[in-house]
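Take a look at the structure below.
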Amino acid sequence: MSVPRLIGLGWWLQMKMRSRSAFDGALSIIYPMFFATSVFFIYRQGASSSALVAAAVGASVMGVWSAVATTAATSLQGERRQGTLELLVASPTPLPLIVVPITLSMAAIGLYSLVATLLWGRFAFGIKVSLLHPLAFAVACVVTALSVSVLGFVLAVTAVRYRSAWALGTALELPIWLICGFLVPLSILPHWVRPLSWLIPTTWGVSAVKRAALGGMPWRDIAICLVVAAVYAAIGTLLAGRLVDSARTNATLSLI
Amino acid sequence: MRTSARVFFLGGLMSYRALFTWLSPWILIPTFMVGPIFQILFFAYVGRSAGVGNDSFFLIGNAVQYAAIPCLFAMGNSIGGERYEHTLGLILVSPARRVPLFLGRALPVIVNGFVVSLFALTVGALVLGVSLPLSVLPLLVIVLAVSAFACTGLGLVTAGIALRVRETAVVSNVIFGLLLIFCGVNAPLSSLPRWMAVVANWLPLTHGIAAARKIAAGATFTDVGRTVAVEAGVGIMYLIIGLVLLRIFEVESRRHATLELG
Amino acid sequence: MPVIEVENLQRRYRARTGIRRRAAPEVEAVRGINFEVERGELFGLLGPNGAGKTTTIKMLITLLLPSGGSARILGYDLVRDAQEIRKRVGYVFGGDRGLYERLSALDNLRYFSELYSVPAREQKKRIAELIELVGLTGREGERVEGYSRGMRQRLHIARGLLHRPEVLFLDEPSIGIDPVGARELRLTVARLVEQGTTVLLTTHYMFEADELCNRIAVIADGRIVAQGTPSELKKGVVSGRVVEIEVFGDAEASLKGLRALSGVISVSVEERGQAQLVVVRVDVGAEVTSAILTHLGGLRLGRVATREPTLEDAYVELVSGA
């Protein structure tokens with residue numbers, strides 16, 4: 001079995017399916033932009049224009065998480081409904097390798113949203129984000145998308161065993177926006193939240209994206225992000241085997 | 001008229017129970033408790049970090065929106081849900097009158113949204129340290145109810161469209177987003193471009209939120225009476241448009257066979 | 001060595017009763033079944049709905065873990081060597097679900113061939129071969145959401161065969177398929193068996209089991225009530241005759257008395273529109289027809305007929321006796 005080809009084909013087919021549905025495709029890109037627009041209107045009233053620019057960057061990354069949060073767990077619920085979840089588990093391919101293309105494709109759509117939001121901020125609100133280090137910015141964005149897809153991976157894997165996991169994923173959309181430093185600096189959150197934020201790879205990814213866009217060096221943050229994401233990936237993979245077995249014992253692979 | 005009332009209440013109760021037989025605490029808690037509170041917290045903190053507005057502003061705005069939005073979806077979903085279960089055709093050939101039928105199904109969702117919003121308001125106020133004297137509660141509840149009604153009116157229009165178009169969920173979510181931006185939920189109308197403020201005045205939520213904010217700041221009913229009345233008026237306007245649309249689309253649906261999902 | 005060996009396989013589960021988890025009753029779906037399937041055999045698991053057929057198959061393809069007992073497929077243990085089993089078996093089930101609606105048949109097959117590690121350079125050829133085998137040539141580029149039930153079924157079979165499985169599990173494959181389609185399906189299955197694939201088929205269509213299978217196990221209420229070749233099973237009923245009496249009115253009251261008559265093996269009742277059909281299996285040589293008619297004297301009678309027993313009679317008897 002060729003892992004790269006499996007992931008590549010899976011990713012490609014997921015993108016195909018998503019593009020053929022207004023709900024999964026276009027809406028995934030547009031929906032976070034409504035929140036971003038609200039954020040723009042809030043910051044526009046403020047005095048600082050640099051804060052507005054930082055907000056524009058943070059808001060655009062919000063879409064990357066949105067794209068995965070709402071769809072990661074629901075996608076497996078959808079597979080369950082479609083009757084394909086059973087077939088996937090019955091195949092000799094381990095579950096993590098099946099889920100990874102799904103969350104990667106969602107994160108990719110999130111990147112579309114990121115670009116769309118930046119353009120929207122530029123042309124509708126006149127917010128100029130001059131990317132001082134465009135290459136570093138691009139890398140940071142991709143790494144953030146990876147970190148987000150790893151979170152989605154853990155969520156999706158839980159959905160194999162627990163039919164109601166999709167609700168948890170959807171509910172986490174705003175909490176992650178709040179505590180991972182997209183718009184709100186960690187310093188103004190309660191003290192006890194900070195360790196939680198640090199334990200989430202996306203916090204480091206967002207920090208890297210902001211640094212790269214606004215003129216700093218993101219490499220340390222990128223490295224930490226990748227390390228934390230790798231830990232989550234390992235946890236998710238270990239969990240996957242156990243959760244599939246539990247699903248087989250409790251018969252939760254099908255709807256009934 | 002009496003049969004309409006029966007259809008309204010019984011139908012509503014039945015669909016509520018049907019809704020909740022498959023819901024477990026694992027779905028209820030994240031959806032109805034975590035979601036709304038965090039929307040309030042998110043925007044409040046964004047406001048803090050932007051140095052704009054105050055916590056009460058965001059608390060009230062998002063709480064009212066949370067009470068009203070389910071009503072927007074309730075009607076559309078009750079129709080879309082029936083279509084999904086393939087029972088829409090069965091219902092529409094029954095002699096029961098349409099509006100009490102679907103309104104009845106929407107009622108439990110509306111009440112649900114109400115309760116959730118009040119809950120989020122209370123918890124949000126506690127977490128953010130916003131003091132809301134108990135005396136404002138009765139008035140606030142009235143305003144929430146009127147806004148919920150106004151959104152239900154808009155929801156009826158959406159429901160009419162739902163009979164025609166398949167992507168109910170997309171339409172609903174887009175309308176949610178538009179209301180979020182236009183109606184002063186997180187940014188006062190004065191901060192929006194003029195044309196947006198004009199449109200906002202013709203949408204539900206706008207006046208309800210404005211009235212609710214005044215009440216939280218200590219206004220009496222006489223102060224906000226006119227604003228609340230406008231909100232109610234907006235609701236009635238959409239209700240009428242919705243009823244007309246529903247009639248038109250229902251007739252059209254029979255012609256174009258868009259009733260069933262598959 | 002048998003390809004499939006099932007020993008005292010059991011599966012229990014707790015019924016779901018809604019939000020409030022009152023002590024949910026435990027249901028025994030499969031109560032300890034035993035059977036073996038040899039290589040190249042077409043084995044049928046025959047039984048009414050709810051008998052435990054699907055549960056059994058799902059255990060054998062490693063989707064469900066058994067609550068008790070054991071099984072071996074191609075020598076591999078069901079629980080410990082699940083991965084090895086998955087590489088070598090195929091699973092096809094009836095119905096509309098189980099395919100990616102928004103993708104074409106071709107994309108569906110490409111994905112599953114990747115999941116089953118079909119070597120890259122073989123994939124294209126194999127997919128084309130299978131599409132032709134199941135008769136979907138020309139329509140493989142269309143999205144599955146536009147397919148009829150019959151086409152979906154055929155695509156399922158193609159999917160199940162991608163990796164050339166040694167054992168194929170078919171779960172009620174002809175459900176909801178028109179007679180012509182079903183016949184083609186049976187031909188395809190028969191051809192597969194000729195080529196050496198071992199097939200385990202579940203069905204509640206008796207004539208299908210009779211026509212296709214080398215051996216049948218009749219399962220009812222989680223237990224196997226009979227096993228053997230179709231002719232062996234028929235032998236259990238081929239002696240004697242069957243008397244069918246059309247009755248207008250309630251025959252239920254007379255059944256007890258009928259069963260007590262000497263020479264009567266079994267009595268069952270079927271609804272036939274306005275009338276009820278009382279079916280009496282009678283011993284060889286027993287002359288009970290007049291006794292039966294006397295017993296039913298109070299009711300209005302229609303047609304009375306005598307015939308040879310069929311496999312269906314055996315089935316009904318076995319299944320209702322469980």
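Given 0.36 nm per residue, what is the gain on full extension from A:A234 to A:W12 after removing their alpha carbon distance, in nm?
77.5 nm
Neighbour counts of other C-beta atoms within 10 Å: give me C:S117, A:S105, B:S172 arranged from fewest to most.
With the fewest neighbours first, C:S117, A:S105, B:S172 line up as C:S117, B:S172, A:S105.
Compute the signed sum of charges (Lys and Arg +1, Asp and Glu -1) over the other residues within less than 12 Å, Cβ to Cβ, of C:P179.
-1
Residue separation times 0.36 nm, minus the C-alpha to C-alpha distance between B:I240 and B:S191: what's the value?
Once the chain is fully extended between B:I240 and B:S191, it gains 14.5 nm.
Suppose every Lys and Arg Cβ carries +1 and every Asp and Glu Cβ carries -1, with no other charges. What dipole size does the range C:137-212 come out with about its Cα centre, to the nearest 20 debye?
280 debye
Around A:A54, under 14 Å between beta carbons, what's the net of Lys plus Arg minus Asp minus Glu among the other residues?
After counting each charged neighbour, the total is +4.
Would you mind giving the mean number of other chain beta-carbons within 10 Å of the Cβ of each residue in B:25-36, as a whole number?
Going residue by residue through B:25-36 and averaging, the value is 5.
Express as a percent, rounded to the nearest 5, the fraction of DSSP beta bridges in chain C (both residues included) that run antiparallel.
Antiparallel: roughly 70 percent of the beta bridges in chain C.
Sorted by average packing, counted as other Cβ atoms within 10 angstrom per residue and highest first, what order do B:139-151, C:97-109, C:72-84 take?
Listed from highest to lowest mean packing, they are B:139-151, C:97-109, C:72-84.
Compute the angle between helix A:3-19 and the longest alpha-carbon principal axis of chain A, please, reported from 0 to 90 degrees and rounded to the nearest 10.
Result, in degrees: 70.
Over the whole of A:175-183, what's the average partner chain Cβ count within 10 Å per residue? Rounded to a whole number, please.
Mean shielding count: 4.
If I build a Gaussian network model for chain C, linking alpha-carbon pairs within less than 10 angstrom, which residue out of C:S113, C:S266, C:S70 has the largest mean-square fluctuation?
The residue with the greatest mean-square fluctuation here is C:S266.
As I understand it, the dipole of chain C uses +1 on the Cβ of Lys and Arg and -1 on the Cβ of Asp and Glu, about the Cα centre. Which of C:V242, C:S174, C:G52 lies farthest toward its positive end?
C:G52
Work out the charge dipole of chain A with +1 on the Cβ of Lys and Arg and -1 on the Cβ of Asp and Glu about the Cα centre, then indicate which of A:I42, A:G169, A:V143 is farthest towards its positive end.
Checked the options; the winner is A:I42.
Structure shown: which of C:K58/C:K87; A:K128/A:K210; C:K234/C:K256 lie over 22 Å apart, alpha-carbon to alpha-carbon?
Result: C:K234/C:K256 exceed 22 Å.
Evaluate the relative contact order of the range C:237-321 (contact order divided by residue number), counting alpha-carbon pairs under 8 angstrom at least 6 apart; express in whole percent.
Contact order relative to length: 45 percent.
Pairing the Cα long axis of helix A:26-44 with the longest principal axis of chain A, what angle in degrees results, from 0 to 90 and rounded to the nearest 10?
Between helix and principal axis, roughly 30 degrees.
Could you work out [θ]222 nm for the protein assembly as shown from helices alone, using -39500 (n - 2.57) per DSSP H run of at least four and dividing by all its residues? Round to the nearest 500 deg cm²/dmol.
-20500 deg cm²/dmol
For chain A, find the longest principal axis of its Cα atoms and tell me its angle to the long axis of helix A:201-214, 0 to 90°, nearest 10.
Once rounded, the angle reads 30 degrees.
Counting other beta carbons within 10 Å of each Cβ, put A:W204, A:W192, B:W202 in order, fewest first.
By the 10 Å Cβ count, ascending, the order reads A:W192, B:W202, A:W204.
Count the net charge of all other residues whose Cβ sits under 13 Å from the Cβ of B:A219, scoring Lys and Arg as +1 and Asp and Glu as -1.
With Lys, Arg at +1 and Asp, Glu at -1, the net is +2.
Every number in this text was worked out from the coordinates using simple rules, so none of it is lab data. Please read all numbers here as calculations on a predicted model, not as lab measurements. Neighbour counts are summed over all protein chains in view; Cβ atoms, including those assigned to glycine, are modelled from backbone coordinates with ideal geometry.
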